[in-house]
2 protein chains.
Amino acid sequence: MNQIQPTPLTDIEIARAAHPKPIEQIAAALDIPAEAVYRHGPHKAKLAMDFVTTARAERRGKLILVTAISPTPAGEGKTTTTVGLGDALQRIGKRAAICLREPSLGPCFGAKGGAAGGGWAQVVPMDEINLHFTGDFHAIGAANNLLAAMIDNHVYWGNLIDIDPRRVTWKRAMDLNDRALRQIVVGLGNNGAAREDGFDITVASEVMAIFCLATSLDDLKERLGRIVIGETKSRRRVLASELNAHGAMAALLKDALQPNLVQTIEHTPAFVHGGPFANIAHGCNTVLATETALGLADYVVTEAGFGADLGAEKFLDIKCRMAGLAPAASVVVATVRALKMHGGVAKADLAAENVAAVRAGAANLRRHIVNLGKFGLPVVVALNHFTSDTAAEVEAVRAICAELGVAVHLCRHWAEGSIGATDLAEEVVRLADGGTARFKPLYPSEMPLTDKIRTIAREIYGAHDIDVAPAAARKLAVLEADGFGYLPVCMAKTQYSFSTDPGRLGAPEGHVVPVRDIRLSAGAGFVVVLCGDILTMPGLPRHSAAERIGVDAGGHIIGLS
Amino acid sequence: MNQIQPTPLTDIEIARAAHPKPIEQIAAALDIPAEAVYRHGPHKAKLAMDFVTTARAERRGKLILVTAISPTPAGEGKTTTTVGLGDALQRIGKRAAICLREPSLGPCFGAKGGAAGGGWAQVVPMDEINLHFTGDFHAIGAANNLLAAMIDNHVYWGNLIDIDPRRVTWKRAMDLNDRALRQIVVGLGNNGAAREDGFDITVASEVMAIFCLATSLDDLKERLGRIVIGETKSRRRVLASELNAHGAMAALLKDALQPNLVQTIEHTPAFVHGGPFANIAHGCNTVLATETALGLADYVVTEAGFGADLGAEKFLDIKCRMAGLAPAASVVVATVRALKMHGGVAKADLAAENVAAVRAGAANLRRHIVNLGKFGLPVVVALNHFTSDTAAEVEAVRAICAELGVAVHLCRHWAEGSIGATDLAEEVVRLADGGTARFKPLYPSEMPLTDKIRTIAREIYGAHDIDVAPAAARKLAVLEADGFGYLPVCMAKTQYSFSTDPGRLGAPEGHVVPVRDIRLSAGAGFVVVLCGDILTMPGLPRHSAAERIGVDAGGHIIGLS
């Protein structure tokens, strides 16, 4: 994570200096029997599916959602706070676990760096988690690409199903940032039907979304079979099951589907499993990992991608609805720096005190807090501390939260570990044990698709209305007619603004949300609503992290942050 | 493996019924300390690099090469014989280990099926070894593709090095059979310089070849840096190190480089690591795995890809030369069925006795035996038994081998396990302990490249001469002038014939070997010589194994063979 506090150690140096316990010990602390621990080296494990099936049946734990204000280049620290809160819960004597998404190699070698927390709030072994981990994303990519190969192979060998090569919507996938693969032509030479195609980054694939929503290996296989790969020349939808691809895809994913167990620097159990993009997909870790954690721990802290308008809404309306989960409390992560950016301050000027800008930018925080209330969730604000924060700025945030009746806790877990987040942990326990949560999704499943979109736009984004492009409206009508109207919608929108204009920070109102296109993810079980341009294959920056990452003479990974 | 003997159990059923020991026990039998065992579940492990560095320094063991006659659709069973021989050596009381290549997902989902042996001579867990295993091939693909992304990204951001996009020779890689990716155009839209590109199957990539020849992580990184990715507009070779890609590539490969340890059904230690194609690369497992095995066992059995003209020649002239290894004996695997095909019998007629065809086809076997003698290796023939073999046919093989002073042993390890190969094992021990091996490469490093090619063509392929295309001759001259003349050559030729015509079975003579093109693999450290068309990305067949592979209700993989 990018934080500007002075520190003598980088993330990877802190992680390497940690003293992780054998993973069997971490498992034993949650009463996971040794025979259920499928170890990958001393500090990573997968949990046997038989055990997972038993464990997830009993949901004893309380689920805590960590979400955030709309992200800015200043950085908020959502993963770091999830780790710090988990550690702090453990520190105050609670049986806690955290649930995170697995990092993607794309951002790791791109601009963002690793995604295993930061400072003294990290999951370890940080380098192994960031690089390949237990291979889940490669398995997901292979399953995705096997289906793609079987589609083109079917067309090559006579095309019995009469697939229209121009209407194949299934793309290939790779877990890297590779701009040149966004738009390609395949099948040139004497190698089949040449057609336009492209690669998505693996985390943006429907297989990833399915993987994260599946409740068992059987459910996974059925969902894979329901994938729509395109249309026939007579415009009938073609399913992966028609190509007999779903069995082999499930075989490729069988081991990956077992949740991964690691630990934080402070030995809190961490289930790091799955990692769908929060734009094109729902942006939270696997249902199986979350449910397993809930079966084993009393407090389970999990994060959802991007800001609460995207990540939390989808966590609640898609994941919790499908899995029957009900969070007991929510944490909104904010920083003074980010609030100042929402209040109009440029990144270069963030070091200077600016209370007025904090107050102005807090409009963003306020709306996210109000929104979470609409789902029936109690809220606490975690103000992730930077040394440049002034007392007056922090007080301004506190005052705004007080107006809403919401507590705010200054957190120093990045610099101090669990002791820096114990106040937050106490408040989270109070909220979760208070029994005030009355979770309900924002919209009922029976609501028509277009109304679902409008409801989210108005209630969550503060928009005046939606503007559905004619082609998108036709697709919505066809989906309703074909019986897909009961599905939740998965909004694909810029994460930087409540509007579809990434430059409109703060809390814009009265805007119109353009609905550009609609995609059916029948296997995942949602309808993707594209608002504006959504990139599903990032590019590398001019100076990528890949140029700095390497191996030192002692065989240690360097340059990961 | 395809074998027509009647058996009540499939390969995967036999493998699943096996009782593998905990991998720590297998390791302990070779005196590998527990702390060096990086376990992947109960039955797979990687070995810590520190231990590998120590173990490989002392090469106590005798190296046995298993190679074969030119392959036919009848199947020979080279991997199966390697496993069976290893088990039989253990059965007769020897401290033995085997070294195999890792299976690729491409053939696994294509026509060939798995590659972990067959019948009662298999490595286990067969399903896990065939599907992902410890993730090495995905790591190799990711390293390959990161370099590709960094090339296009460099061009996109101003192209300081002045790379000529039309002269980028570095291709992308995927561990699947995907015909549609052979020839593609990337960078369409507003995503950089559109150019022709293609995917190779991962096993055909230079990264795979480098991985298998590297002697340490440092050596790996240096070799990765030496990769030639293409040319500048002024025709200067561009290296991966100029893009600062080799450090991150090494970071991606760090864990993969640790040799994998598994076991056979009969608990013989098996090092299954690396898997380069035997056409475009050298076709044998990693130097690190072979050397580690030699440091721990008294007899190490390893296989080389395809027939002895390709696999054994490259094993000896490339791998053994580079690593300073000297085999003590060699085994040539043959079957009566395959010899009959070399003698002109069609596949449909193989069940009928045909002694004359066996005698005619034995010309192929004879030349391979003579060739191995040119490398100074003692030879024994393993006749892999099929129930359709008649006594007269077997006797014909025996008589031909007797003429050459070579023993032949009828092997039944596929049906019977180790007891079916004890005679072979006794003979191998006799040969290896006899001290008659006088290994020498076929040609000296100082020999000019063109003469190296001609030497192989005449001495090994029985050709009259070579015919070097003008463009290939120019490339050879440039490579000599630029100081690459000392490198060994890596012949890329059809595996089905001593000639470049896959239809010319038996032992063709007096033919001319056309040299179509030349490629420098500067990182791997050899010059690839393309004779005829070489496919580096296979396609799926009309009815692929992928359509049959799946997961049953109990969560077990089915359909793998």
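Read-outs throughout are calculated quantities, based only on the coordinates presented, and are distinct from any laboratory measurement. Fair warning: this is a prediction, and the values are worked out from it, not measured in the lab. Heads up, the Cβs are rebuilt from the backbone with ideal geometry, glycines too, and the neighbour counts pull from every protein chain shown.
Name the helices (complete DSSP H segments) of chain A with a Cα length along the long axis of 24 Å or more and a Kyte-Doolittle mean of at least -0.5, or state none.
Correct list, ordered by number: A:136-156, A:355-374.
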Q. Just counting partner chain Cβ atoms within 10 Å, what average do the residues of peptide A:150-159 show around their Cβ?
A. 4
**Q.** Other-copy label distances relative to B:Ala473, 7 angstrom Cα-Cβ extension, nm
**A.** 7.1
Q) Per residue of B:252-262, how many C-beta atoms from partner chains lie within 10 Å of its own C-beta, taken as a mean? A) 3
Q) Listing A:Ile69, A:Ile92 from the residue with the fewest other Cβ atoms within 10 Å to the one with the most, what is the order? A) A:Ile92, A:Ile69
Q) Given the rule -39500 (n - 2.57) for each run of at least 4 DSSP H residues, summed and divided by the residues of the protein assembly as shown, what is its mean residue ellipticity at 222 nm, to the nearest 500 deg cm²/dmol? A) -9500 deg cm²/dmol
Q.
As an exercise, use a Förster radius of 41 Å and the Cβ-Cβ distance of B:Ala399 and B:Asp31 to find the FRET efficiency, rounded to the nearest 0.05.
A. 0.40
Q | Furthest towards positive pole of dipole, A:Ala338, B:Pro125, B:Ala15, structure part the protein assembly as shown, Cβ charges | A | A:Ala338
(Q) How shielded is B:548-560 by partner chains, expressed as the average number of their Cβ atoms within 10 Å of its Cβ atoms? (A) 5
Q. Going by average Cβ neighbours within 10 Å, how do the peptides A:324-330, A:531-537, B:420-426 rank, with the highest at the top?
A. B:420-426, A:324-330, A:531-537
Q: Out of all DSSP beta bridges with both ends in segment A:449-531, state the antiparallel percent to the nearest 5.
A: 40
Q | Student exercise, segment B:372-443 dipole from Lys, Arg, Asp, Glu Cβ charges, in Debye to nearest 20 | A | 440
(Q) Can you pull out the trypsin sites (Lys or Arg not before Pro) in segment A:38-97 whose DSSP state is coil and whose Cβ has at most 12 other Cβ atoms within 10 Å? (A) A:Arg60
Q | segment A:282-388: GluC sites (Glu not before Pro) falling in loop per DSSP and having at most 15 other Cβ within 10 Å | A | A:Glu353
Q: Every other copy gets compared here: list the nm distances from the A:Leu404 label point (7 Å along Cα to Cβ) to its counterparts, shortest first, one decimal.
A: 8.2
Q | Dipole magnitude of chain A about its Cα centre (Cβ charges: Lys, Arg +1; Asp, Glu -1), debye to nearest 20 | A | 820
Q | Test item: Cα-centred dipole of the protein assembly as shown, Lys/Arg +1 and Asp/Glu -1 on Cβ, debye | A | 1260
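Students often get this wrong, so check it: of A:Lys62/B:Lys44; A:Lys21/A:Lys94; A:Lys171/B:Lys221; A:Lys46/A:Lys493; B:Lys347/B:Lys440, which have C-alpha atoms separated by over 28 Å?
Checking Cα-Cα distances, A:Lys62/B:Lys44; A:Lys171/B:Lys221; A:Lys46/A:Lys493; B:Lys347/B:Lys440 exceed 28 Å.
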Q: Rank by packing, highest mean first: peptides B:14-26, B:117-129, with packing defined as the count of other Cβ atoms within 10 Å averaged across residues.
A: B:117-129, B:14-26
Q) Which distances in nm, rounded to one decimal and ordered from shortest, link the label point of A:Asp552 to the equivalent label points in the other identical copies, with labels set 7 Å from Cα toward Cβ? A) 5.1
(Q) Need one number: % antiparallel among DSSP beta bridges in chain B, to the nearest 5. (A) 40
Q | Rounded to 5, the percent of DSSP beta bridges in the protein assembly as shown classed as antiparallel | A | 45
Q. Counting Lys and Arg as +1 and Asp and Glu as -1, what is the net charge of the other residues whose Cβ lies under 11 Å from the Cβ of A:Leu181?
A. 0
Q. Which is farthest toward the positive dipole end of segment B:137-250 among B:Ala240, B:Val168, B:Leu146, measuring Cα position about the Cα centre, with Cβ charges +1 (Lys, Arg) and -1 (Asp, Glu)?
A. B:Val168
